[in-house]
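Below is one structure, written out as structure tokens; comments come after it.
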Amino acid sequence: MLSKTPAFLVAFVLAALQSRGYCSESGCNTNSTAQALTNGMQYNGTASVYTPNGAIGACGTAVQNTDYVVAIGSDNWDNGAHCGETLTVQYTPGGTSIHVLVVDECMGCATSHYAIALTEASMELVDAGYVSGESIPVIWGLI
């Protein structure tokens, strides 16, 4: 459909979306509350545990509790733009650091900026003393 749309109209609409913060040169984001994530940046947030039990994650793959993966909060989800990307997650201060793959959106993280949810296996690596039901402080970022 866009191939038949005049180029000036596409440019005009894209410029309007960019001016309102919905698009950048790298693409568009229809979730106006999303916070852009940048590779190499580190974010102070919280991590909790989620148990997908083999359910299909928002990125389209089955997720097991034993997988080393992460669900990122809705405020950073960016319409799945980070599916398949690797995060480094470190329990703060100065704790263990691990790498996990983004496979899901954390709907329960929506109200907590830079919140993520780790599978049980991932959380055990980050915090061997994790107490079920608690959130822990973490520093995380895209690699």
Quick check on segment 90-106. Is at least one of its residues in contact with a helix residue (DSSP H, G or I) (Cβ under 9 Å, 6 or more places away or on another chain), within 12 Å of Val49 (Cβ to Cβ) and of a type outside the set (D, E, K, R)?
yes
Subset of segment 116-142 (residues that are within 14 Å of Val69 (Cα to Cα) and aliphatic (A, V, I, L, M)):
Ile116, Ala117, Leu118, Ala121, Met123, Leu125, Val126, Leu142
Within segment 30-76, which residues are over 28 Å from Gly129 (Cα atoms), at pLDDT 90 or above and under 14 Å from the mean Cα position of the chain (by Cα)?
Ala58, Cys59
Is there any pair linking a residue in segment 112-129 that is under 21 Å from Asp75 (Cβ atoms) and modelled with pLDDT of 95 or more to one that is among the charged types (D, E, K, R) and surrounded by 16 or more Cβ atoms within 10 Å (Cβ to Cβ), with Cβ under 7 Å and at least six apart or on different chains, and which?
Thr119/Asp67
Among (1) of a type in the set (A, V, I, L, M, F, W, C); (2) in a loop (DSSP other than H, G, I, E, B); (3) closer than 10 Å to Ala71 by Cα, the one test that Val102 misses
(2)
Filter segment 58-79 for residues that are surrounded by 18 or more Cβ atoms within 10 Å (Cβ to Cβ) and either assigned to a strand (DSSP E or B) or touching a Cys at 6+ places or on another chain (Cβ under 9 Å) (or both) and give the result.
Ala58, Cys59, Val69, Val70, Ala71, Ile72, Gly73, Ser74, Asp75, Asn76, Trp77
For segment 105-121, give me each residue that is assigned to a strand (DSSP E or B) and either farther than 18 Å from Ile143 by Cβ or touching a Leu at 6+ places or on another chain (Cβ under 6 Å) (or both).
Glu105, Cys106, Ala115, Ala117
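The values are calculated or read from the model by the stated rules, or taken from the named source; none is laboratory data. It should be emphasised that the depicted structure is a prediction, and the values quoted were computed from it without experimental measurement. Methodologically, a virtual Cβ is constructed for each residue, glycine included, from the backbone with ideal geometry; neighbour enumeration extends over all protein chains shown.
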